[in-house]
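Below: one structure, written as structure tokens.
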């Protein structure tokens, strides 16, 4: 089975065009699948008329990230699965570097030295010498962070591997992805990549960083970096994760987690005049009730203080 890149998309025809043009320049050609979540801005026409080599899967409505990818993988299977944001323009060796790190040869054979997950490197569009994200990492309270954010590109070479890839630039072995059920489709947006990485790690999957798999990324171009929409969905995912993984049932992390969440929600209220993040957390917590508890298992988690965690959050916003 051949590898394929899946691009989840909702509006933003210019962004999508730039991404698809970047994929035409790849040193190692790959099948491309645009997973459209109901765009009405000419995006579908762009793919059909301007990129006939690209397969277009129309969801008909906004299914969010994980649910749309799950349907696309079921309808149009590939191995391995490569994910790329529609606001990221890949460098020519993006695909080749991901496949090399996964141990996938030119003939599709997989080396035992490879990995079931590979993290690409998203580069800041406004500061192309700096890393936006080189995967996801998390602390003991399962607060997620973009690995190496703000570091120079050279820092990726020789860096330790992250917990897992960010969903915006990722490779997954199809078998390992399916073995854990893929993305949790209850999570509409945000934290779905961290949740998947935790479950795959618990199942024994490995992650590798591919420093040369780079893509220029316009951060939150789709949803807005400080929008009520984003705060609502990140909040939901955060509340869901806290309950699903039993974070607040562990005395050593409960107080610290609550303090951090309170500080974040207070900041959103004071700075952005919105309680969407708080309301989202409460909804996510409620909707995780009654579901089977998940275990972070032996996942490599950061040993950092609440102050350090909040500092990393501020750095991301900055």
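Values for this structure:
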item: Separation of the residue 229 and residue 113 label points, Cα + 7 Å toward Cβ, nm; result: 4.5
item: CD proxy at 222 nm, helix term only [per DSSP H run n ≥ 4: -39500 (n - 2.57); per residue of the chain; nearest 500]; result: -11500 deg cm²/dmol
item: Full-extension gain in nm, residue 258 to residue 127, via 0.36 nm per residue minus C-alpha separation; result: 43.8 nm
item: Gaussian network model of the chain, Cα within-10 Å springs - most flexible of 210, 154, 138; result: 154
item: Between helix 306-317 and the chain: long-axis angle, C-alpha atoms, 0 to 90°, nearest 10; result: 40
item: Candidates 119, 179, 170, ranked by Gaussian network fluctuation over the chain, Cα under 10 Å, top entry; result: 179
item: Residue order, fewest to most surrounding Cβ atoms within 10 angstrom, among 193, 79, 161; result: 79, 161, 193
item: Crossing angle, helix 228-244 versus the chain [Cα axis fit, 0-90 degrees, rounded to tens]; result: 70
item: Compactness relative to 2.2 N^0.38 Å, alpha carbon Rg of the chain; result: 0.95
item: Highest-MSF residue in the chain out of 130, 46, 56 [GNM, Cα springs under 10 Å]; result: 46
item: Relative contact order, percent, the chain [alpha-carbon distance under 8 Å, six or more residues apart]; result: 18
item: Label-reachable residues, segment 148-191, where backbone N falls under 19 Å from a point 7 Å from residue 311's Cα toward its Cβ; result: 148-152
item: Over segment 228-317, equivalent-ellipsoid semi-axes from the Cα gyration tensor in Å; result: 21, 18, 11
item: Degrees, to the nearest 10: 192-202 long Cα axis against longest axis of the chain; result: 90
item: Over segment 157-197, equivalent-ellipsoid semi-axes from the Cα gyration tensor in Å; result: 20, 14, 8
item: Approximate shape of segment 59-167 as ellipsoid semi-axes (Cα gyration tensor, √5λ), whole Å, largest first; result: 23, 20, 15
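Rule-based calculations on the coordinates, nothing more; no lab input. Given the structure is predicted, the values throughout are model-derived calculations rather than measurements. Cβ atoms come from the backbone with ideal geometry, glycine included; neighbour counts cover every protein chain shown.
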